[in-house]
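Presented below is the structure to which this report refers.
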Amino acid sequence: MIRALTTRRTEMAPFLLLLPAIATMLFVVALPLVFSLWTSLTPYKLTKPDTLYDFIWFRNYIRIFADWDFWEAFLRTIAFLTVAINLEFALGLGIALLINKITWGQRGLRTIMMFPMMFSPILVGFQFKFLFNDHIGVVNNALQSLGLTDQAIPWLVDANLAMFSITLAEVWMSTSVFAILLLAGLFAMPRDPLEAARVDGCNPWQVFRHITLPFLMPFAYIAMAIRSLDVARAYDLVAVMTDGGPAGRTELLWTLIARTGYDEAKMGQANAMAYISTILSVLFTWHFYRKLVAARRYMGGAE
Amino acid sequence: MTVSVESRASKQAKKVALWLATFLLMLVMCVPGLWVVLSAFRPNREILAKPPVWVPEELSLVNFGKIFGFGAEQVGIPVGSYFTNSLIIALTSTVIALIIGVAGGYSFARYRFRFKGGIFLGLMLFRAVPGIALSLPVFMMWSRLGLVDTKLGLIIVYVSLNVPFTIWLIDGFFRQIPQALSEAAQVDGCTRWQAFWKIEFPLAKSGIAAAGVFAFLTSWNEFALASQLTRSTDSKTLPVGLLDFTAQFTIDWAGMCAMAVIIIIPALILTFIVQKHLIAGLTFGGVKG
C-alpha cells in the first residue's frame, strides 16, 4: 500500500515539475492561437469590435489565396529562407573547417564568431541600412573613393539589390550558429577513423565526404533546429531596412501580416495569414527536429 | 631534394592562404559592427560629409550625452527610460524563465515518464510560432486584459518565449552530471530535494547561468512582439526605441549609432562571459539523446 503511494508520487513528480512550463505555454501561446483561429474565421476589424462575433467560415482564407500579393510574399519568403539557410550552412561549414585548421588563437576566433549571433536582429538591420545607405553609406563611399563606380548604387532602393542586401544581412547574422556548432562537432570528432581512412588510401575529399560530413550532420541539424525556432526574426531586418518597399518588392509574409493587421486594421485577414505562417514555421521546426532525432539514432545515441 | 623544397614551399603557400582567409573572414565579421561603433563617437556632420571623411577628425561622447538628454541639444527621444524598461523586462522574465526552466529541465534529465518526447517536441513547436503572428492574438487578448503597454504584459510574453529553449539547455547540463552522485547522497541520508540543492545544482550552476544569459539576450533583443505590445515610455524597450530615430524626416545617424552601441555592449559582455558553457550546452543537449 505504502509502496503503491510512493511510486505514484514519483510518477507525478516529473509532471509537477513541468507544470509551470506547460501552463505558461498554454496560456501565452496555445490560448492565443485558438483565439487567432477564431478571429481568422471572422471579418474582425479593430475599429469595429462587433465584427468579432460575425462568423464567415473560410472567406478570409479564400480571399488571401486569391490574392496575388499574398502569394508573391509567400513565395518570396520561401525563396529567401532557402537561399539564406543553404548559404549559411555552406559558409558555416567552410568557416568551421577553416578555423579547425588554425592552430593558434582558435578560442579568440570562436568568441568573435559568437558576436553576430547575439546581435539584436533590429540592430543588424540598422547596421546594414547604415552601411548600404546610398548617400552616406560606407559601402558606396568606399566604392566611389576606389573609383570602382562613379554613381551611387541604390542598395536599398532598387528592388533586386534590396533583396540582396537583406539576404546578406540575414546571412551575416546567422552563419555563426552553423559555424559554431559545426566547429564543436569537429572538436568532438574522434581521430582514429580519419587516420585509418588515410592509411587505407582515401583522398582528402573521400575522407571529408564519407567520414567528416556524416559525423557533422547531427551538429548541422542542431543548428538547423535552433535556427528554425526563429526564422521569423528576418521580419525585424526587413522592418528596419526597407519596410517591404520599394513598392512591396521586399515584402515577406511577416511584414505583410503586420501591414494587414496593424496598418490596415484587418485583423481577421491578418490572422488567417498568421496561421499560414505559423503552420509553415512549425512544419519547418518539426522537420529538422525529426532529422536530428534520426541522426542521433544513427550515431547510436552517444558519441 | 627538389621534392622536399617544393613541398615546403607549397606548405608555406597553404599557410599564407589559410592566414589570408581567416583575416578576410574576421574583417567581414567585425568591420560592420566596428564601423557603427566608430560612428557613434563622430559628429553627424562628419558622417554626412561628401566627399567622405575616412580618418575621424574628432571623437567625442557628445552623441551619448545627447540621446540620454544631457547637454544643450535635447534629442527628444527618452532613451534613458527605454533602457530602464529593457533592463527590468529582460531581467524579470529571465529570472522567471530560469525557475520554470530548471524545474522542467531537471524533469526531462532525471525522470522517465510517458509522452516525454512528445512534450519536449510540443514545447519546441510552440517556440517556433513567429513573433509577429503571435503578436496579433496576444495584442487582442492583452488589450482586453489591460496588459498592452505595460511591462508586465511584455514580461509574461518573454517568459513563454524563453521557457522552451531554457529547458533544452538546462536538460543538457543536468544530463552531463552523473546520476550516481545524487544517488550516493540519497543513500547517505539526503532527501532528493537536498541532493538536488547540495550536489546537482552547484555542478550545473555555470550552465544555468549560460542559459540565463541566452534568455536575457532573447528578451533584450526582441522586436516583433515588443513593437506591437508597447506604446509609450511606460514599456517601450530599446529595440523599439531605435525606430524612433527613423520616424523623423531626417535620420539622426549619429544618435542611432550611439543607441546601437548601448544595445550591443551588454550583449557582447555577457556573450564573452558565458560563450564556453553556451556552446557545450547547445551541443550536448542536442547530440546525446
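Expressed as a whole number of Å, what is the distance separating the alpha-carbon centroids of the stretch B:189-263 and the stretch B:110-133?
22 Å
Which order results if A:Y53, A:Y275, A:Y289 are arranged by neighbouring Cβ count within 10 Å, fewest first?
Lowest count first: A:Y53, A:Y275, A:Y289.
Mean residue ellipticity at 222 nm from the helices of chain A, using -39,500 (n - 2.57) per DSSP H segment of n ≥ 4 over the full residue count, to the nearest 500 deg cm²/dmol?
My calculation for chain A gives -23000 deg cm²/dmol from helical runs alone.
Give or take rounding to whole Å, what are the principal axis extents of the alpha carbon atoms in the protein assembly as shown, in descending order?
Projected onto the principal axes, the Cα atoms of the protein assembly as shown cover 90, 82, 53 Å.
If we count other beta carbons within 10 Å of each Cβ, what is the order of B:C257, B:C30, A:C202, fewest first?
B:C30, A:C202, B:C257
Give me A:M118, A:M163, B:M26 sorted ascending by neighbouring Cβ count inside 10 Å, so fewest comes first.
Ordered by Cβ neighbours within 10 Å, fewest first: B:M26, A:M163, A:M118.
Which entries of B:K116/B:K276; B:K66/B:K236; B:K50/B:K236; B:K205/B:K236 show an alpha-carbon separation above 26 angstrom in the structure shown?
B:K116/B:K276; B:K50/B:K236; B:K205/B:K236
From the residues A:F126, B:F201, A:I136, which one has its Cα farthest along the dipole of the protein assembly as shown in the positive direction, the dipole being from +1 and -1 charges on Cβ of Lys/Arg and Asp/Glu about the Cα centre?
B:F201
So if the hydrodynamic radius of the stretch A:68-298 is defined as the Kirkwood radius over C-alpha pairs, what does Stokes-Einstein give as its diffusion coefficient at 4 °C and 1.567 mPa s, in µm² per second?
Estimated diffusion coefficient is 66 µm²/s.
If a helix is a whole DSSP H run, which ones in chain B reach 27 Å or further along their own axis (Cα) and hold a mean Kyte-Doolittle hydropathy of at least -0.5?
B:2-40, B:79-110, B:151-175, B:201-221, B:253-287
Quick test of the membrane-span-like rule: which DSSP H helices of chain A reach at least 30 Å along their long axis (C-alpha atoms) with mean Kyte hydropathy at least -1.0?
Passing helices, by number: A:2-25, A:68-101, A:159-188, A:267-298.
For chain B, what is the calculated [θ] at 222 nm in deg cm²/dmol (nearest 500), taking -39500 (n - 2.57) for each run of four or more DSSP H residues and dividing by its residue count?
Taken over chain B, the calculation gives -25000 deg cm²/dmol.
Run the numbers on the stretch B:11-152 and let me know its relative contact order in percent, using alpha-carbon pairs under 8 Å that are six or more apart.
11 percent
Within 10 Å of each Cβ in A:31-38, how many Cβ atoms from other chains are there, averaged over the peptide?
5
Relative contact order (percent) for the stretch A:78-212, with alpha-carbon contacts under 8 angstrom and 6 or more residues of separation?
Computed value for the stretch A:78-212: 35 percent relative contact order.
Give the average, rounded to an integer, of partner chain Cβ atoms located within 10 angstrom of each Cβ in B:103-113.
Going residue by residue through B:103-113 and averaging, the value is 5.
So what is the diffusion coefficient of the stretch B:2-60 in µm² per second by Stokes-Einstein at 25 °C and 0.890 mPa s, using a Kirkwood Rh over Cα pairs?
Using the Kirkwood radius from Cα pairs, D works out to 167 µm²/s.
Can you give the relative contact order of chain A as a percent, counting alpha carbon pairs under 8 Å and 6+ residues apart?
Relative contact order here is 25 percent.
A short reminder: the numbers here are calculations on the coordinates, not readings from a lab. Bear in mind that the values here come from a model prediction, so they are computed numbers and not experimental data. Here the Cβ is made from the backbone with ideal geometry for all residues, glycine too, and neighbour counts use every protein chain on show.
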